[in-house]
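The values are calculated or read from the model by the stated rules, or taken from the named source; none is laboratory data. Note that the structure is a prediction, hence the values are computed from the model and not measured. Glycine gets a Cβ as well: all are built from the backbone with ideal geometry, and neighbour counts include every protein chain shown.
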There are 2 protein chains.
Amino acid sequence: MSKANLFYAQSGGVTSVINASACGVIETARQNRDKIGKVYAGLNGIVGALNEDLVDTNKESSKAIAALRTTPAGAFGSCRYKLKSLAENRLEYERLMEVFRAHNIRYFLYNGGGDSQDTANKVSQFSLDMGFPITCIGVPKTVDNDLPITDNCPGFGSVAKYVAVSIREAGLDVASMCESSTKVFVMEVMGRHAGWIAGAAGLASEQDGDAPHIILFPEIPFDREKFLRKVKSCVNKYGYCAIVVSEGAQNKDGSFLAESGGKDAFGHVQLGGVAPFVANMIKDELGYKYHWAVADYLQRSARHIASKTDVDQAYAVGKAAVEYALKGKNAIMPTIVRGKGKKYSWRVGEAKLANVANVEKMMPRSYITRDGFHITDKAKEYFAPLIQGEDYPNYKNGIPQYARLKKELEKKKLKKWKPK
Amino acid sequence: MSKANLFYAQSGGVTSVINASACGVIETARQNRDKIGKVYAGLNGIVGALNEDLVDTNKESSKAIAALRTTPAGAFGSCRYKLKSLAENRLEYERLMEVFRAHNIRYFLYNGGGDSQDTANKVSQFSLDMGFPITCIGVPKTVDNDLPITDNCPGFGSVAKYVAVSIREAGLDVASMCESSTKVFVMEVMGRHAGWIAGAAGLASEQDGDAPHIILFPEIPFDREKFLRKVKSCVNKYGYCAIVVSEGAQNKDGSFLAESGGKDAFGHVQLGGVAPFVANMIKDELGYKYHWAVADYLQRSARHIASKTDVDQAYAVGKAAVEYALKGKNAIMPTIVRGKGKKYSWRVGEAKLANVANVEKMMPRSYITRDGFHITDKAKEYFAPLIQGEDYPNYKNGIPQYARLKKELEKKKLKKWKPK
């Protein structure tokens, strides 16, 4: 019988370093050709397994695979598709097994957030029940930084760096203009449920007066009067006010701020995000000229300004996933473990998938200042190491050159999958 | 009598390289201490001259001045303040002369766009009439790239690089997600009157299928049906559609697209920009899931991804401005002159301020493809060299370290200025 093959899939919202994990997986598997046969990547994530769309990564040159380390987004395609529970859709699990069996896949590495770790865990259990045991290893990834046990999630450090750099730069812009023009700048960042990303922007505040002056967290119910007073006091003190607002910023009743803006003439919920909503509130109440930005995908795909620490860690968890699999470990996820010393250090540890699945790590209240508008020194200690170092991609003609893969599919052996 | 002093001011919307011009001015003046006394910088631009708020740049260390080369935005403050015509407000010109006389300022270097060149020209003429001749040199700066005669404007190349890099990265993100989630991404860029910035984003399209797939220019009246057909055909062909829209995109009647969105429940004109407007139109008509981004100030302050060519040119025009002044030239602006050879080359030339003032250089129609949705090879030939090269700032703790100036003001000699 031929050597066991490995199946790797990317899941959920992508990051600027998820391909660095893919690179770690594939390069490490190639270093173990005696034990691992082919590395298949799911075309568009787990859906690729169901559809038997298996990218044969062996067809990619080592140069192309190495380039994944500096390529943002999901090179094999990701998906927003969560396997239902066994009870709800057993057929999906059976199909996975069928595909894995047909292609002699004995390793399943799933690169994603909490849902993906849950899926990997379920597949592991199911494969045992089916008598075709699959070694399932989760590979952590999420800009949201909300996975438990691991000190931080690969993907987060780079978006953290992006938002800190961006608000520093835009803050200087507003500082230049504030005497006669724009006095308020609002930058909206991701983080629907937790303020990790918004909080990281606070790293740009190195000295008194540095942007951002105000951060609006999902964790702190929005207090309109208090907020407006704070904006005014910043403008009076510094001449301007630079604000970072999480897309998840909420009213006291738990509704999103972004939803407070009413509807437009066509009855649509207001099109703009929370940034224009907040900016307009300030204009209405305080009369300041404003600008606002919504970084959206730019922040999570900004490989050009990725954190070297993040890239290294993303690669390391991919590498460790293969190594753990080869050691016979199962149903675990490599984690980042922070060293105890004053100087930042990290190593790769491991967590049981069962303990990772469906647990959301929230930002501690102690990371937010008492007034609710900024981060504490404790938070800075946590965040700062994660954005350390630059890891620039190669440029040609002024533009970063990212991996272009062939994505040749393995020949199909099964009937077409018809989801119910 | 002491040596003549020089007054330098930043004007209008700032860029990520206007301080590189300041650096060129100050360093070159320092190399000519035998001829130039102090270099004063206007605190918040020309307003600093009227208020006699003169930053004594001699108090800044050479290290701080050197750091200006890698610092975005206006380190001395800029302003949106245009001197009126002589007939309308002669007092302003007289005040300028009074301040210049009191501080023995014989050189006036004005770093800005078309309005600033106009002002510099007027001051030059007026100073002659007043018998206190000031050497006035304009220093070109604008992200809008709309100054005539010069091949391009310092400030533009870096925003061009930012938008090209950003849409490449975000495009890869959408490509990853499109199978089961986001199919359309819309990025709004600056350029109220001309499509230079939007056009430059087209550089990211190196191969068939590369983002951006569609660019909406101010120059091409928006055709809703044609646009929606194009979006649909991109999604069918590539699986997704990445769109760059200029904030100046217009309807056939000349109104801005961004103004078409109606009003919200409070009667406000819709808060969002043109990106959410376009994204929502696509959702309504074609049903695709979308994301959108508005880069706003992030694009023009993004020194971390500045074009080396742009930085070099920004420095060079600052340097040349001082050299021209010392050669006794007057009422001119250094320009960028493109070499004729196939390989890109440039040198600094000069233009009369009278020929620069109040002339807006539009993007040629030949830069836009026949269907109006992309740029031509001719445009790429023009744009490509301007984004060449990277020129990274220094980082500390993961964040770029930008110049922090003392900005000590010269002692005032005059009564307080009371604008009429």
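Figures for the structure shown
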read-out	value
Filter result for A:Ala201 (at pLDDT 95 or above, farther than 21 Å from A:Ile387 by Cβ and not in a loop (DSSP other than H, G, I, E, B))	no
Pick from the range A:118-138, criterion in a helix (DSSP H, G or I), within 16 Å of A:Leu6 (Cα to Cα) and hydroxyl-bearing (Ser, Thr, Tyr), ranking: nearest to the chain's Cα centre (by Cα)	A:Ser124
Residues of the range B:390-420 classified as surrounded by fewer than 18 Cβ atoms within 10 Å (Cβ to Cβ), at positive phi and facing chain A (nearest Cβ under 10 Å), total	1
Which listed residue is acidic (Asp, Glu) and in the same structural domain as A:Met97 (by TED's automatic domain parsing), from A:Glu350, A:Glu408	A:Glu350
Sole exception among (1) among the charged types (D, E, K, R); (2) out of contact with any helix residue (DSSP H, G or I) (no Cβ under 8 Å at 6 or more places or on another chain); (3) part of a loop (DSSP other than H, G, I, E, B) for A:Glu360, by number	(2)
B:Tyr395 vs. criteria without any contact (Cβ under 8 Å) to a residue 40 or more places away in the chain, aromatic (Phe, Trp, Tyr) and not assigned by TED's automatic domain parsing to the domain that holds B:Glu219	yes
Residue in the range A:186-198 that is among the aliphatic types (A, V, I, L, M), buried (at least 24 other Cβ atoms within 10 Å of the Cβ), at the interface with chain B (Cβ under 9 Å from one of its Cβ atoms) and more than 26 Å from A:Val317 (Cβ to Cβ) present	yes
Search result, residues across the range B:282-296 that are more than 7 Å from chain A (Cβ to nearest Cβ) and either out of contact with any Ser or Thr (no Cβ under 9 Å at 6 or more places or on another chain) or in a strand (DSSP E or B) (or both)	B:Ile282, B:Lys283, B:Asp284, B:Glu285, B:Leu286, B:Gly287, B:Tyr290
Those residues of the range B:139-161 which are in a loop (DSSP other than H, G, I, E, B), more than 10 Å from the chain's Cα centre (by Cα) and of a type in the set (A, V, I, L, M, F, W, C), in sequence order	B:Leu147, B:Ile149
Matching residues, the range A:5-44, being of a type in the set (Ser, Thr, Tyr) and more than 14 Å from chain B (Cβ to nearest Cβ)	A:Tyr8, A:Thr28, A:Tyr40
Qualifying position, being of a type outside the set (A, V, I, L, M, F, W, C) and assigned to a strand (DSSP E or B), among B:Arg347, B:Arg404	B:Arg347
Among the residues listed as B:Ile167, B:Ile137, the single one being assigned by TED's automatic domain parsing to the domain that holds B:Glu323 and surrounded by 24 or more Cβ atoms within 10 Å (Cβ to Cβ)	B:Ile137
Neighbours by Cβ (under 7 Å, 6+ apart or cross-chain): first from the range A:130-157, within 16 Å of A:Val17 (Cβ to Cβ); second charged (D, E, K, R) and in a loop (DSSP other than H, G, I, E, B)	A:Leu147/A:Lys361; A:Cys153/A:Lys141; A:Pro154/A:Lys141; A:Gly155/A:Lys141
Residue check for A:Ala354: crowded, with 21+ Cβ neighbours inside 10 Å and either at pLDDT below 95 or part of a helix (DSSP H, G or I) (or both)	no
Count - residues of the range A:162-192 that are among the charged types (D, E, K, R) and either part of a helix (DSSP H, G or I) or over 21 Å from A:Phe373 (Cβ atoms) (or both)	4
Residue satisfying all of: in the range B:297-319; in contact with a Gly (Cβ under 8 Å, 6 or more places away or on another chain) and among the basic types (Lys, Arg); farthest from the other protein chains (Cβ to nearest Cβ) among these	B:Lys319
Qualifying residues in the range A:59-75 (those that are out of contact with any helix residue (DSSP H, G or I) (no Cβ under 7 Å at 6 or more places or on another chain) and surrounded by 19 or more Cβ atoms within 10 Å (Cβ to Cβ)) - the one nearest to the other protein chains (Cβ to nearest Cβ)	A:Ala67
Residue tally, condition in a loop (DSSP other than H, G, I, E, B), within 14 Å of chain B (Cβ to nearest Cβ) and more than 23 Å from B:Gly398 (Cα to Cα), over the range A:204-252	3
Hits in the range B:295-347 - residues which are on the phi > 0 side of the Ramachandran plot and either buried (at least 18 other Cβ atoms within 10 Å of the Cβ) or under 14 Å from the mean Cα position of the chain (by Cα) (or both)	B:Asp296, B:Ala331
Residues satisfying the stated conditions in the range A:192-211, i.e. free of Cβ contacts under 8 Å to residues at least 60 places away in the same chain, in contact with a helix residue (DSSP H, G or I) (Cβ under 8 Å, 6 or more places away or on another chain) and farther than 18 Å from A:Gln250 by Cα	A:Ala201, A:Ala204, A:Gly209, A:Asp210, A:Ala211
Condition met for A:Ala211 (modelled with pLDDT of 95 or more and closer than 26 Å to B:His291 by Cα)	no
Conditions (1) without any contact (Cβ under 8 Å) to a residue 40 or more places away in the chain; (2) touching a Lys or Arg at 6+ places or on another chain (Cβ under 8 Å): number failed by A:Leu86	(1)
